[in-house]
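Scroll down for the structure; my scribbles are underneath it.
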Amino acid sequence: MAVTASAVKELRERTGAGMLDCKKALDETNGDIDKAIAVLREKGLSAAANKAGRVATEGVVESYIHGGGRIGVLVEINCETDFVGKTDQFKEFARDIAMHIAAANPKYVRREEVPSDELEKEKEILKNQALNEGKPEKIVEKMVEGRINKYYEEYCLLEQPFIKDPDKTINTLLNEKISTIGENISIRRFARFELGEGLEKKQDNFVEEVMSQVNK
């Protein structure tokens, strides 16, 4: 089975291992990502996976306020030791995540948190869209699978492109920090508040607003 670039990318994001190591692991396991993760762990090449089981209860609750109080974010990010939680590198990471949440407005941290009823409803909508486009039923299932991944990328924090570097996802950034800092790190939960949320008002581009503030 040919190993696709998207599979290598996914494995790298999930493990923090190098691209070549990910490619070799997938070749070895016939493209099975879960088995490839196990191979990388056995070889000591999966920095994130090797630390994933370690308890992380320290860390910070970081806040970010944008636009003079128009948007507010609180995010809890955990690490293993109080020492790491107080370092500038960890605090900067937490600040970046809070700022990203303000701009990108995710609904969940990870795809496993999406309620099953919401997911099934979205799949039904995507299926009907594909059928209305005249797509053959035999390929609709694969189309829905591809489009639901786009849904995850839009609404799940870990799968969103990082606003400061859209070439990497938040999960990639997280795994990089795990490798660099040497502790398990977990983005546990967040809350985002927007002034007048739910009320009728004009739409704003918060990504552009937040980035313009960062670049000042």
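The values are calculated or read from the model by the stated rules, or taken from the named source; none is laboratory data. These numbers were taken from a predicted model, which means no experiment stands behind them. All Cβ positions, glycine included, derive from the backbone under ideal geometry; neighbour counts span all protein chains shown. Protein only, heavy atoms only, side chains kept; ligands, DNA and RNA dropped before computing areas. Shrake-Rupley method; radii C 1.70, N 1.55, O 1.52, S 1.80 Å.
With respect to the conditions (1) surrounded by 13 or more Cβ atoms within 10 Å (Cβ to Cβ); (2) in contact with a helix residue (DSSP H, G or I) (Cβ under 9 Å, 6 or more places away or on another chain), Thr81 lacks only one, and its number is (2). Segment 101-216 holds helices (runs of 4 or more DSSP H) entirely within its bounds, and those carrying 2 or more residues that are at pLDDT 80 or above and either under 30 Å from Cys79 (Cβ atoms) or of a type in the set (S, T, N, Q) (or both) map to 116-132, 137-155, 170-181.
Glu153 meets the stated requirement of being surrounded by fewer than 16 Cβ atoms within 10 Å (Cβ to Cβ) and within 18 Å of the chain's Cα centre (by Cα). The set of residues from segment 186-201 being open to solvent by 40 Å² or more (accessible area, probe 1.4 Å) and within 25 Å of Lys121 (Cβ to Cβ) comprises Arg189, Phe190, Glu197, Gly198, Leu199, Glu200. In the set (1) open to solvent by 80 Å² or more (accessible area, probe 1.4 Å); (2) touching a Phe, Trp or Tyr at 6+ places or on another chain (Cβ under 7 Å); (3) not aliphatic (A, V, I, L, M), the condition left unmet by Asn30 is number (2).
Of all residues in segment 66-78, count the ones that are farther than 17 Å from Arg189 by Cα and open to solvent by 30 Å² or more (accessible area, probe 1.4 Å). Qualifying residue count for the region: 4. The residues on offer are Glu113, Glu183, Glu209, and the sole one that is in contact with a strand residue (DSSP E or B) (Cβ under 9 Å, 6 or more places away or on another chain), open to solvent by 30 Å² or more (accessible area, probe 1.4 Å) and in contact (Cβ under 8 Å) with a residue 60 or more places away in the chain is Glu209. Filtering segment 128-135 for residues that are touching a Lys or Arg at 6+ places or on another chain (Cβ under 9 Å) and among the aliphatic types (A, V, I, L, M) leaves a non-empty set. Of all the listed residues (Pro166, Pro136), the sole one being over 15 Å from the mean Cα position of the chain (by Cα), open to solvent by 50 Å² or more (accessible area, probe 1.4 Å) and at negative phi is Pro136.
Could you please tell me which pairs satisfy a Cβ distance under 7 Å, a separation of 6+ or placement on different chains, a first residue in segment 125-153 that is closer than 20 Å to Val114 by Cα, and a second residue that is open to solvent by 60 Å² or more (accessible area, probe 1.4 Å) and assigned to a helix (DSSP H, G or I)? Qualifying pairs under 7 Å: Leu126/Arg147; Val144/Lys123; Val144/Lys127; Ile148/Lys123; Tyr152/Arg111.
Scanning segment 34-79 for residues that are charged (D, E, K, R), assigned by the TED database to the domain that holds Cys22 and modelled with pLDDT of 85 or more yields one hit, Lys35.
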